[in-house]
Amino acid sequence: MASISAILLLLSLTITSASLIDDLNNLHPPPDFDATVSNNCLNNPSLRYCNSTSADLPDIFKSIIVATHLCNDSKTNVNCPFSFKNIDLGGRPNIALLYLSFTFFWKYCPLTVVLIDLSNNSIKGGFPLDVLHCSQVEVLDLSYNGLMRDAPLRSLSMLENLTFLNLSYNRFSESKVSYTELFKRFNRSSFIHSGLLPDYRKYKIKAVFLLLGFPIFVGLVIVFLGFVCIRRPDYLPRFLQRQHMFTPAMLKAATNGYSEVNLVAKIGELGIYRGTLRDGTEVRIEIYKEKISSEDYKNFAEECKVLVQLQHKNLVQVLGWCSRRGLRAIVIEWINGETIEMWLRRSPPWKQRLKVLFEVVEAMCYLQEQWPEVGYDLKTSSVLLSEEDREPLIVRFSVGEHNRSEICGFGLLVLEILTNKELKKSETGLLELMKAHYPDNLWKVIDERLKKTGITYEQATQVVSLALLCTDSSANRQPSLGQVSSTVTRIYESSFVSASPNPKKSHKDRADGYKAI
């Protein structure tokens with residue numbers, strides 16, 4: 001039976017460190033190697049592979065070869081590989097990485113090894129855990145490498161014989177010093193720039209940043225929020241926005257910088273724009289640029305606070321306003337449609353015209369009952385008709401003291417809807433023309449096309465009578481809005497059962513119709 005010494009002697013004659021890897025790949029244990037291992041364990045039970053429950057003969061054989069090389073490299077030359085103490089691979093990156101790859105060697109690390117130096121080898125990645133199999137080691141130096149991630153502090157603490165440890169100049173993940181036994185055994189010099197100790201300089205920088213940077217950051221946030229609140233509050237959450245309040249910056253953004261493309265009309269100092277709010281709502285923006293006093297600005301804002309509260313299907317919705325020095329604006333919902341004046345050019349039938357008058361009166365009643373301080377304009381050029389359902393919409397309002405001019409305005413609206421456009425000269429001329437032909441010759445001034453669409457002479461007489469009463473400025477002659485509403489409602493309801501036009505009615509019948517009004 002060959003002894004282990006004889007085998008190693010043979011290997012030492014044939015193996016060189018330069019061909020170590022090839023030797024390991026090509027050499028195999030001799031046939032009686034298991035007997036040799038058993039004999040060695042009887043002579044020296046402390047050998048690490050003797051206590052292994054999963055001893056692998058090829059691994060043991062290769063570990064002995066590697067140990068022989070390391071022993072020779074340590075210049076011990078005495079009873080290799082059973083007596084060498086040092087594994088000195090510091091500053092030898094190629095050789096060090098090669099030996100670190102021999103897992104089988106570290107698994108059966110000789111018990112005589114008390115020093116392991118792997119410093120300054122540019123070792124990357126995690127901690128070489130295989131080294132910890134040499135649990136009897138007293139000196140361990142892994143400094144000046146590129147080791148990262150967590151260091152096995154608990155396992156290192158279990159190396160009872162360890163008296164010197166150097167993990168400096170690596171990049172481990174930071175650990176909690178006060179809770180690790182290892183940091184109580186070794187001073188800070190073992191962990192300089194290792195990443196394991198807290199970098200107090202870094203914390204000082206963070207503290208300075210917090211003390212100086214945080215107030216600056218808060219200040220910038222406050223400035224930003226102030227900018228948003230003052231100039232673009234539409235960027236704030238809806239519950240933080242001031243309802244109905246618009247800023248010049250919001251109006252400029254909505255109209256794409258007051259571009260010519262968005263300009264609908266310009267009348268003196270009044271500019272009317274079509275715009276789109278940030279939430280996608282299409283609006284009509286009326287901008288007044290004339291200079292007024294601060295008191296007038298205040299009154300304008302108070303008036304707008306009333307107008308935004310108007311809620312009726314025949315009143316355009318006022319969404320808000322802007323009141324700043326040099327700029328006043330009212331923001332209204334955008335209505336796709338046309339004015340009554342434009343609509344009349346297409347000769348709508350009588351029932352549609354009567355429906356418009358009926359719904360205008362409904363809006364007038366709402367304003368008188370709910371908002372008596374609100375006045376309005378009823379010209380055919382300023383009352384809109386919605387595109388979808390042809391609903392009339394009053395769009396011009398005023399707040400404050402006003403007289404019964406709305407009743408007069410309604411009377412003129414009635415006459416404009418009834419007459420032929422070619423006969424219109426002015427409001428005064430229209431009234432004089434209607435009075436001159438009422439009640440005997442109404443067909444001469446009423447739109448000829450109406451007679452073909454269902455209007456009766458009786459209805460024409462009643463409607464004209466009402467219009468003339470509304471425009472009568474004599475004391476106690478104008479009817480109340482309640483009387484106007486009752487009359488228009490009765491005429492509107494009767495239009496659904498009326499007979500064909502009869503222009504040959506007697507003068508007496510026509511007079512009776514007037515008396516009824």
### Task
Summarise the accessible area of the stretch 337-495 (1.4 Å probe, protein heavy atoms) by the percent that is carbon and sulfur.
47
### Message
Rounded to the nearest 10 Å², what accessible area does Phe82 have for a 1.4 Å probe in the complete protein model?
### Response
70
### Message
Rounded to the nearest percent, how much of the accessible area of the stretch 242-331 (1.4 Å probe, protein heavy atoms only) is carbon and sulfur?
### Response
49
### Task
State the percentage of accessible surface on the stretch 43-191 attributable to carbon and sulfur atoms; use a 1.4 Å probe and exclude ligands, DNA and RNA.
50
### Local electrostatic count at Gly91 - Lys and Arg +1, Asp and Glu -1, tallied over other residues with Cβ under 13 Å
-2
### Message
Helix 294-307 against the longest principal axis of the chain: what's the angle in degrees, Cα atoms only, rounded to the nearest 10?
### Response
90
#### Entry: Charge dipole (debye, nearest 20) of the chain; +1 at Cβ of Lys and Arg, -1 at Cβ of Asp and Glu
1520
## Note on the structure
Within the chain, cysteines having no neighbouring cysteine beta carbon under 4.7 Å are Cys229, Cys304, Cys322, Cys365, Cys408, Cys470
### Query
With the contact rule set at Cα under 8 Å and sequence spacing of 6 or more, what percent relative contact order holds for the chain?
6
### Query
Using the C-alpha atoms of the chain, what convex hull volume per residue, in cubic angstrom, is computed?
307
### C-alpha long axis of helix 4-14 to longest principal axis of the chain, angle in °
70
### Computed [θ] at 222 nm, helices only, for the chain once each DSSP H run of length n ≥ 4 contributes -39500 (n - 2.57)
-12000 deg cm²/dmol
### Task
Rounded to the nearest 10 degrees, what's the angle between the helix 507-516 long axis and the longest principal axis of the chain, both from Cα atoms, 0 to 90?
50
### Task
Determine the per residue accessible area of the chain with all protein chains present and a 1.4 angstrom probe, expressed in square angstrom.
54
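The values are calculated or read from the model by the stated rules, or taken from the named source; none is laboratory data. Quick caveat, the model's predicted, so the values are computed rather than measured. Because the Cβ atoms are built from the backbone with ideal geometry, glycine has one as well, and the counts that use them run over all protein chains shown. Keep in mind that these areas ignore ligands, DNA and RNA; they rest on the heavy atoms of the full protein, side chains included. Shrake-Rupley method; radii C 1.70, N 1.55, O 1.52, S 1.80 Å.
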